[in-house]
Structures are given as C-alpha cells and as structure tokens.
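Below is one structure, written out as structure tokens; comments come after it.
The values are calculated or read from the model by the stated rules, or taken from the named source; none is laboratory data. Source: prediction; values computed, not measured. Positions of Cβ are backbone-derived with ideal geometry, glycine not excepted, and every protein chain shown enters the neighbour counts.
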Amino acid sequence: MRIFNFFYLMVEKSLFQRIWGFYLICLLLISCNNGSDSQKAKQAQSPFIIQTRDEIKNIEISDGEYHLSKELNRFYKNADYMPQWSDSNTFFKEANELAGFLDTAIYCGISPEEYHRDSILAFLSLAKLDTNHILPPAFWSKADLILTDASFRIMLHLYEGRLLSDSNSLLQNKAQADSFFNKGLSNIFDDGNINLTLLHLQPDILGYKNLRNGLSDFLSNMDTSSYTHLIFPYDTSKADDSIRFVTNLYSRLKESKISINETDDLSDSATLAGFVKLYQQKHDLLTDGKINAKLIRHLNTTDRYRLKQILVSMDRYKLVREKIPDTYIWVNLPSFELQAWDSDTMAFRSNVICGKPKTPTPTLISQIKEIITYPTWTIPASIIKTEVLPGIKRNAAYLSRKGYGLYDREGKKINPASVDWTKYKKGIPYSVRQGSGDNNALGVIKFNFPNPHHVYLHDTNQRYLFKNSNKAMSHGCVRVEQWEQLAHWIARRDSISAKSTDTLKYTADSISNWIAVKKKKWIPVKKPIPLFIQYITCEANSGKIKVHEDIYDLDRKIIEAKGDESVFNLIRS
C-alpha cells in the first residue's frame, strides 16, 4: 500500500496529471508482478468500504485544492468518512450525471471549469479502464472528495450566486450551511434526476427563467472575438496611464475596422478625434469626436462583455430570496419600467424615472402600505445640503420661489430672512417642506412603503420627462408615469379581497374624486402590495436577450473586480 501512495504523491503538477500518472505507474507495477495471487487474496479479504473510509479520514484537506474545505471536513466527519459516490471499485450513476450536468452548466450561468470538471472526467475515465481493480482506496477517496466539493459549490452558486459578501453568505452559519449541503446531496441521490434537483435550487422568478432560456440562443449567435477592454476614467495626472489609455483606444478602434496606419500621429488629439468620429459614424452615434463615458461604454459592450452582464444579472436574481407572490409590483431600474403582476399575468406596465447616478435609487423589497393624495414633500437632508442651502445662500428668495416653507423642530413656520445662513455649511436645524398642489415635486399622489432610504413611488410635476430615453433623473425616489392606473389597481384589489364585515374606506372612484377636488387624503392599503425594486441590466423576451444600459455602473464594477475568474471569462479567444 505504501508504494502506491509513494508513487501517487511523486507525480506533480495538476490533479488531472497526477491521476493519469498514478494509473500508468500502477500498470507498470502490474506488468512487473503480473497480478500476485497473494496480493489479490489480501484485497479480497479486506472490505473496500473500510479502506476507503480510512483513506478519507486521513486525507489532509487544504484550502488550495478544495473550494469548501471546512464544509467538507464537517460533512465527512458527520458521515463517518463513508464514501458517497462509489462502492466496490464502481462509481454510482450520479457521478456520471454530475459530469453530464457540467457539460451544460453554462446555460445555468456557471462555468464548468470552476467545479473540477477535468479532474472528474479523469477519475471516471480511469475507473472504466481499471478492469484489474488496481486502483487503491487513495484514488477513490480523492475522487469522492472532489465530487462532493464540486457538487457543494455548484449548489451554492445556483442558490445564492457569487455576488454576496462573505458576511451575507449562508457559509457564515455552520448549521445552516451543513443543513443546506446535506439536504442537497441527499436530493441528488434520492430524486433520480440531478438536473431537476439542481434546477430547484435556482430562482423561481419568471425573469430569471426567461433569461436562462434565452442564454442558449445568445451563446449560439454571439461574436466570440476578443476586443481590447478600455479602463475609463483613468488618472490623467499620470503620464503612463494616459499613454496606456490612448494606445488601447487606438487598438480598439482598429479592431472595429477603423483604418489607422502606423504613420499616423497617435499623440495628436485632433487625429484621435478624427478616428473617433469615424467610429461614431459607423455605429450611428453622435459624431462629435469626444472621448467620454458613453463612447467607452459602447466600445466595451462587446458580446463577450454582454455575456458577463447576463451572468451578473442571473446572479442578481439569486439575491431575491423571498418567494415571489401571486400579486406584486416589480420595478427594474435599468429598464425604467414598473410591472404590476397578478396571478402570472402582467396587469399593466409603466415607465418610471429613477435616481440619477449621483443619487441612485436603492434596490429593496418592501410592501406598499399607504397612498396619499395631494401630498406635501419634506425635503430630505441630503437635498437640503446639496441644493437648498447653496440656493438660499445665492438668493434669499430661493425658498419662496420654489414654494418651500421653513419650519423649526416644533413645527412652527420660520421667516427665512430671520436666519443667518452664513453659519451653516453642511446642514440646517430646520425642516423644509413643499406644500401640496399641482406644482409639488411629488405630483398629486404618493405611494408609501417601509424602507430605511426614505424613498417612495410617486407622480411628478414634470411629466414631460418620461419622454426622455435616459430616465435616471430623480433624487432617488421612483416617479411613475401611470400613477392613476397603479392607484386604481391597488384599490380594486382591496375591494375584491374585502370581507363582508370589512369597512373599506376608499375605492378607485373615491381616489379619482379626491384628486379632482385637490383633497389631501391618507389612505391605508388594507392588503399591502409586495414591491420589488431591482437592478437587472439583462432581460429576455421571446427567447431574445436585451441588454439595458448599466446606468449606475454596477455591472462594470463587478466585472472588472472579478478579473480573470473563470465564470467571467467563459469564452476563450
């Protein structure tokens, strides 16, 4: 037994190479000994399952070789170090099914290279060749650990994705992690269909399923060419950064078939602007020759980059751990759209305006619990600091011109002229409110839901802005174009669900009447509406994937931070 382990450890480099090297050494030993009868008899007398258990028990699990070494240690300790994937020199069918799943793993948004695919294939191939049963327990225990590690990581990534911080991952809770992995592995062996088991770990959200289904068509038709990726903005104060950016920009333009000769003066800004104009003309962009974030986004958004965005979007869906109810409101910020769903049917959709990049709308899950007609607006402290206070210092009439009132902590109205504004720099000890009316920034209706960010859905007094292609224009709240349809939908839902003993204090008609007479009314929603505000740049409809603009640069930051991680580098040059 020692000679097997000695040769096994002497073969270096990758696990895949070590497995094959080990097998060749075993064949050499057989040719020299030609199958000693005494050795065969000894193996027959010793139960294979005991040998495998002992080998697993004594294997040192390192973080370098196994992705989830701590979880593996706990799992095998609790399982008395028994093998999970094989018995009597034979792999169970689930081992081959796991390898089969890895062949199509990309369609679930994960890369097979992350889950020991080559090593698993090597183990399975060697086991088929092992007609003389020379492979020792060390081989089978290693295979068992690799298969379990791969299945654990697949389950983790299908369930929670790869975007969570370590502190938010289920791995932080040992009991929760152990229960998750034990149940998952048990289901793989009990359900009889590994693909179905792994499918159930993924989000049961229509948008996710549409995106997963559209991925096949995208991969079949994508341009797999490799293009130079541009980092922008860059540090203009560093000469090396500037030279590197300009050099890479020229390379990227040449890759787009823009004719650039070696004799062209690449240091001349006018020459560079001319080549940029040629690119802009070719792609129907504004032909101004300017190098800005919009141009760089267009240059960087290749099919390879879009694939990475699709994978990020799939993982964003996995962050929505709450069960999606039959009736709910879904707001997707990059698409500037609100959707109202009822029993798997979209009741209606509406354009929305969301926060500017400097004041982004947060992603959240909550419930709409009240409606207010003709609301007042209490200006948030952040807006007071950045807009109101500087405005007052520029012009004492700023508050009256905006229709804002100034109030002390007791609610008493203060004359702005009586305040020495020069002593305030970051904030003021007063509240600023805009009275209700047609000129109120919230419009004629507001939809409240509990959240720590002090944002809400509302109408607007600038309804013409919904015609803009870029609707990231608010201070963080979400402006709804079809606010009346939303209010009536909520009211009808409350009316339908009301019991005969309930006293419903509002209807769709009463909301319309209160707005018509400009009456401020606070309306509690009897059956709160689940609300999901999410950031999904990639959506699929009828099998075709559409990529929205990454308005807050959240995808770009994730993709650049991931670097060369295999899941974000799936398509090779």
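A Cβ distance below 6 Å, combined with a sequence gap of six or more or placement on separate chains, defines the contacts here; from the range 480-500, residues that are charged (D, E, K, R) reach residues that are outside any helix (DSSP H, G or I) and at pLDDT 95 or above in the pairs 481/350; 481/351.
The condition (being under 16 Å from residue 523 (Cα atoms) and not aliphatic (A, V, I, L, M)) is satisfied by just one residue among 430, 456: 456. For the range 146-187, a tally of residues being of a type in the set (Asp, Glu) and not in a helix (DSSP H, G or I) returns 0. For the range 188-204, filtered to residues that are buried (at least 18 other Cβ atoms within 10 Å of the Cβ) and under 22 Å from residue 324 (Cβ atoms), the residue that is farthest from the chain's Cα centre (by Cα) is 197. Using the structure shown, decide if residue 144 is touching a Pro at 6+ places or on another chain (Cβ under 8 Å) and either surrounded by 21 or more Cβ atoms within 10 Å (Cβ to Cβ) or closer than 23 Å to residue 51 by Cβ (or both). So residue 144 fits the description; yes.
Listed by first and then second residue, the pairs linking a residue in the range 315-326 that is in a loop (DSSP other than H, G, I, E, B) to a residue that is surrounded by 21 or more Cβ atoms within 10 Å (Cβ to Cβ) and of a type in the set (Gly, Ala, Ser), with Cβ atoms under 8 Å apart and 6 or more places separating them unless they lie on different chains, are 319/161.
Per the listing 437, 476, 443, the residue uniquely touching a Pro at 6+ places or on another chain (Cβ under 8 Å), in contact (Cβ under 8 Å) with a residue 24 or more places away in the chain and more than 19 Å from residue 528 (Cα to Cα) is 476. Every condition in (1) under 18 Å from residue 254 (Cα atoms); (2) surrounded by fewer than 18 Cβ atoms within 10 Å (Cβ to Cβ) is met by residue 302 except one, and the failing one is (2). Residues that are of a type in the set (A, V, I, L, M) and buried (at least 19 other Cβ atoms within 10 Å of the Cβ) within the range 357-378 comprise 368, 371, 372, listed in sequence order. Scan the range 100-112 residue by residue and report those that are surrounded by 15 or more Cβ atoms within 10 Å (Cβ to Cβ) and not polar (S, T, N, Q). Listed by number, the residues that qualify are 101, 102, 105, 106, 108, 109, 110, 112.
Does the range 235-244 contain at least one residue that is surrounded by 15 or more Cβ atoms within 10 Å (Cβ to Cβ) and not assigned by TED's automatic domain parsing to the domain that holds residue 108? Break it down stepwise before answering.
Going through the range 235-244, the residues surrounded by 15 or more Cβ atoms within 10 Å (Cβ to Cβ) turn out to be none.
Taking every residue of the range 235-244 in turn, none turns out to be surrounded by 15 or more Cβ atoms within 10 Å (Cβ to Cβ) and not assigned by TED's automatic domain parsing to the domain that holds residue 108.
The selection criterion, being of a type in the set (Phe, Trp, Tyr) and assigned to a helix (DSSP H, G or I), does not hold for residue 81.
Only one of the numbered conditions (1) over 19 Å from residue 78 (Cα atoms); (2) crowded, with 20+ Cβ neighbours inside 10 Å is not met by residue 166, and that is (2). Taking the range 414-515 and the strands (runs of 3 or more DSSP E) fully enclosed by it, the elements with 3 or more residues that are in contact with a strand residue (DSSP E or B) (Cβ under 7 Å, 6 or more places away or on another chain) and not aliphatic (A, V, I, L, M) are at 431-434, 445-448. Of the candidates 368, 383, 372, 392, the single residue that is under 15 Å from residue 456 (Cβ atoms) and either assigned to a helix (DSSP H, G or I) or touching an Asp or Glu at 6+ places or on another chain (Cβ under 9 Å) (or both) is 383.
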